[in-house]
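The values are calculated or read from the model by the stated rules, or taken from the named source; none is laboratory data. Note that the structure is predicted; figures quoted are calculated from it, not measured. So basically every Cβ, Gly included, is an ideal-geometry build from the backbone, and we count neighbours across all protein chains shown.
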Amino acid sequence: MYCNQRPEKPGAKKEMLKKINNMARANSLWVTAYGTGCGAIELRPLGTSRFDMERFGIAMRPTPRQADVLIISGYLATKTLKRVIRVYEQIQDPKYIIALGSCTINGGMYFDSYNTLNMLDKYLPVDVYVMGCMPRPEAVIDGFSLLMQKIKDGRAQGWKHYKENLDYYRENQMKIITDWDLPDYNW
Amino acid sequence: MSNIISIVLTIAGALTWGLLLGGISRTVTARIHGRMGPRVTQNFIDMWKLFKKKSSIHHGGMFWMAPMFRITGAICVLLMVPLVIGNSITYNMSFAGDVFLVIYIMFFGCLGMALGAGNSGHPYAVIAVSRGLAQMSSYELSFSIAVVAIAVGLKTFRIEGIVEAQQAGILSWNIFRFPFASAGALIAFLPMQMAYPFGIVLAPQEIPIGPPTEYSSRFLSFMFSGRALFGTAKLILFVSLLFGGASNWLSLLVKTFLLYMYPVVVSSVFPRFRTEQSIRFLWFVPTSLALVDLIRVML
Amino acid sequence: MIDKTRKELEIRFPLLKVVREMHNYLHIKVEKASAMDAIVMAKTSLGFKTLQLISSVDRIEDEVFQMTWILENYSSKTVLLISADYPRENCIVPSLSDIWPAASAFEREIFEMFGISFPGNPREGEDFLLEGWKDIPPMRKDFLTEEYSMKLYGERQPREHLDPRQYIGDIVGEWNTPMGKKRKEEK
């Protein structure tokens, strides 16, 4: 390719393959069954008969190795952040994060606590925020629909941002976790 | 050449049918619970998503080979059981004495998965593997006694022969000629499909998901396809042994579907046994039922 | 019933002060030298066999830590609270882990949060609620938690506060209640 050539857009076949892949990823989202905060109680009714989530293809998996989505439900203490980083890095690409509640946006009710962080986006890449304190199951399903729409458009690239700017995230994480004993990257 | 085409078609068809049956079972279980279930093609979407993941972790050589063992076991069982009577495409590879080879290969497939799970190094996987192998030793016994009773009673050790001996009308099916052995084999069918009350290997509330704990992305998609293939192979084996085989494609599909619904319906209303309870049950009840028929045949 | 308890305690500890007394509840305040004797006497001869909680209050104006032990008698359903003041510098309080083994958990928490040392506690000094904490114990009144949070986790954007009565009144329109009409006339 010469240096004065215009950039090439991928061909039609590759575009269609990408679209099929994204449709498959959006229609079967597997959630790590890890309740990090107070919002975990709003996730349990999602599996019952009233707000059935299995009709969207969403299933709860017990291990992060088999999941796609991590739900940060509410406030995040520094102790929990150390474990959540480990869980997040064990999920295979492509992976997404949904953040529930106002504590992840700007600190919420616990903005002046010595223990909880104020802005989640500095430490982990977030794809969808769901407002509320705690959001009701219908609001969580709305958040999932937004995430599915984002995946189908190809805009949910939080995992790529994490991989490319790993130094920035690590610097922020090490600033608040004082006894850091995690490996370099948890493959 | 036509042999290879028929083999490939058999495997592809069994994989599709297995995944479709899985989706139907999820939907039926959901409707029993009173909610709308997933789509019927949900398992295909899951497999495609897992296959297209962009990174995967492996833990060593045995980890790679374990899903391959399972798929190999499933394919061997599929190729030795005649799918449709009188249709030359599907008499793939049968010979005398292959009923014992089939029992051995079924065990070999599960053993491969156990070795791979052990190689992953996760303690939960090891616990699940020890439980699974302990349970397998108890139901394989009753299943083998039932199969031997049927084979000795019909005086043939080929699966083809067993199938051809049941072609004289409905009342000549083995389930009516050897009722006790069939009862023992059908009770041993439940732990084979990992259905409650005997589903202790994949116990999601106790040990997170059992042997496939460390399996991710592409390995997991192989594992799922292996499970679908193996399930279909076992169904076709049971239909041939107990329910008179299938004389055309439609009756094969209908019979496997009805037989597949039996563990689905049973497992959606039962809780789970503990390991020692299930082993105790499987050592005594189906074994004694199958032994009754074996003694009756020997005398 | 609680009368009998108070009378027996007054015989043994004449410098006792009753903070509050209800029909099944007694809160007394003793000197710090006789706190342990009061607790052991309540457990052995008065029947208060269950330790509910050990709590501590930082009274910075009087420069004391007020320790409170809450005991309960399940057979007669009465509650006894015993308080004592300890000086704030180099605070050392005797430990109750020999009498009730579960007391060691409460004492570890108070050690991390207030800095009160309990010699005799078998697991003091291990990380319990705070991991890698380097500042002064956070529940003390001279620890400024909002400033700490803003410094470590970053400032959050200020938000405007709206008076609900005026905000809703502007949206909904006139108020049809008598109080609303009066308020409108005043405006």
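Residue check: is A:Asn106 buried (at least 20 other Cβ atoms within 10 Å of the Cβ), without any contact (Cβ under 8 Å) to a residue 24 or more places away in the chain and closer than 24 Å to C:Ser149 by Cα? For A:Asn106, the condition - buried (at least 20 other Cβ atoms within 10 Å of the Cβ), without any contact (Cβ under 8 Å) to a residue 24 or more places away in the chain and closer than 24 Å to C:Ser149 by Cα - is not met.
Condition first: within 19 Å of the chain's Cα centre (by Cα) and within 14 Å of another protein chain (Cβ to nearest Cβ). Can you find one or more residues in the range B:123-140 that meet it? Looking for residues that are within 19 Å of the chain's Cα centre (by Cα) and within 14 Å of another protein chain (Cβ to nearest Cβ), one finds at least one in the range B:123-140, hence yes. Annotation: A:Tyr75 fulfils all but one of (1) touching a strand residue (DSSP E or B) at 6+ places or on another chain (Cβ under 9 Å); (2) among the hydroxyl-bearing types (Ser, Thr, Tyr); (3) without any contact (Cβ under 8 Å) to a residue 40 or more places away in the chain; (4) within 14 Å of chain C (Cβ to nearest Cβ); the unmet one is (3). The one condition from (1) buried (at least 23 other Cβ atoms within 10 Å of the Cβ); (2) farther than 30 Å from B:Ser221 by Cβ; (3) hydrophobic (A, V, I, L, M, F, W, C) that A:Leu81 does not meet is (1). The residue list A:Ile20, A:Ile41 contains one member that is closer than 30 Å to A:Met109 by Cα, surrounded by fewer than 17 Cβ atoms within 10 Å (Cβ to Cβ) and of a type in the set (Val, Ile, Thr), which is A:Ile41. Which one is nearest to A:Ala24 (Cα to Cα) among residues in the range A:51-67 that are in a loop (DSSP other than H, G, I, E, B) and facing another protein chain (nearest Cβ under 8 Å)? Residue satisfying both the conditions and the ranking: A:Gly57. Restricting attention to the range B:20-54, the residues that are part of a helix (DSSP H, G or I), at the interface with another protein chain (Cβ under 7 Å from one of its Cβ atoms), crowded, with 20+ Cβ neighbours inside 10 Å and among the small types (Gly, Ala, Ser) total 0.
The rows are residues; the columns are (1) within 14 Å of chain A (Cβ to nearest Cβ); (2) under 24 Å from B:Gly73 (Cβ atoms); (3) aromatic (Phe, Trp, Tyr).
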| residue | (1), (2), (3) |
| --- | --- |
| B:Ala188 | no, yes, no |
| B:Phe230 | no, yes, yes |
| B:Ser247 | no, no, no |
| B:Ser278 | no, yes, no |
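Selection of helices (runs of 4 or more DSSP H) fully inside the range A:120-187 by the criterion of at least 1 residues being charged (D, E, K, R) and buried (at least 18 other Cβ atoms within 10 Å of the Cβ) returns A:137-153. For the residues A:Glu164, A:Glu89, A:Glu138, the requirement of being under 30 Å from A:Met16 (Cβ atoms) and charged (D, E, K, R) singles out A:Glu164. Here is a check on your reading of the model: is A:Pro183 without any contact (Cβ under 8 Å) to a residue 24 or more places away in the chain and more than 23 Å from C:Arg156 (Cα to Cα)? Judged against the criteria, A:Pro183 is a match. Residues that are touching a residue at least 12 places away in the same chain (Cβ under 8 Å) and at the interface with chain A (Cβ under 7 Å from one of its Cβ atoms) within the range C:140-165 comprise just one, C:Tyr148.
Conditions (1) crowded, with 23+ Cβ neighbours inside 10 Å; (2) touching a residue at least 60 places away in the same chain (Cβ under 8 Å), marked per residue:
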residue: B:Pro212; (1), (2): yes, yes
residue: B:Phe222; (1), (2): no, yes
residue: B:Leu241; (1), (2): yes, yes
residue: B:Tyr262; (1), (2): no, yes
residue: B:Pro271; (1), (2): no, yes
residue: B:Arg280; (1), (2): no, no
residue: B:Trp283; (1), (2): no, yes
residue: B:Val292; (1), (2): no, yes
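If you go through the range A:1-49 one residue at a time, how many are free of Cβ contacts under 8 Å to residues at least 40 places away in the same chain, in a loop (DSSP other than H, G, I, E, B) and more than 13 Å from chain B (Cβ to nearest Cβ)? Residues flagged as free of Cβ contacts under 8 Å to residues at least 40 places away in the same chain, in a loop (DSSP other than H, G, I, E, B) and more than 13 Å from chain B (Cβ to nearest Cβ) within the range A:1-49 amount to 12. Quick check on A:Lys163: is it closer than 21 Å to A:Asn27 by Cα, away from chain C (no Cβ under 14 Å) and out of contact with any His (no Cβ under 9 Å at 6 or more places or on another chain)? Answer is no for this residue. Being out of contact with any strand residue (DSSP E or B) (no Cβ under 9 Å at 6 or more places or on another chain), assigned to a loop (DSSP other than H, G, I, E, B) and modelled with pLDDT under 90 is a property that does not hold for C:Ser97. Looking at the range C:115-131, is at least one residue within 9 Å of chain A (Cβ to nearest Cβ), at pLDDT 90 or above and either surrounded by 14 or more Cβ atoms within 10 Å (Cβ to Cβ) or part of a helix (DSSP H, G or I) (or both)? So far as the range C:115-131 goes, no, none of its residues is within 9 Å of chain A (Cβ to nearest Cβ), at pLDDT 90 or above and either surrounded by 14 or more Cβ atoms within 10 Å (Cβ to Cβ) or part of a helix (DSSP H, G or I) (or both). Is there a residue being surrounded by fewer than 17 Cβ atoms within 10 Å (Cβ to Cβ), on the phi < 0 side of the Ramachandran plot, assigned to a strand (DSSP E or B) and more than 14 Å from chain A (Cβ to nearest Cβ) anywhere in the range C:103-112? The answer is no; no qualifying residue exists. In the set (1) without any contact (Cβ under 8 Å) to a residue 60 or more places away in the chain; (2) within 21 Å of the chain's Cα centre (by Cα); (3) within 26 Å of B:Tyr262 (Cβ to Cβ), B:Ile187 fails one condition alone, (1). Among all residues of the range B:62-72, there is at least one that is within 14 Å of another protein chain (Cβ to nearest Cβ) and either modelled with pLDDT under 75 or surrounded by fewer than 22 Cβ atoms within 10 Å (Cβ to Cβ) (or both). Restricting A:Leu166, A:Leu146, A:Leu100 to those that are without any contact (Cβ under 8 Å) to a residue 40 or more places away in the chain and closer than 30 Å to A:Glu54 by Cβ reduces the list to A:Leu146. Of the residues examined, A:Asp93 is not one that is within 12 Å of chain C (Cβ to nearest Cβ), in a loop (DSSP other than H, G, I, E, B), more than 13 Å from A:Ile72 (Cα to Cα) and not polar (S, T, N, Q).
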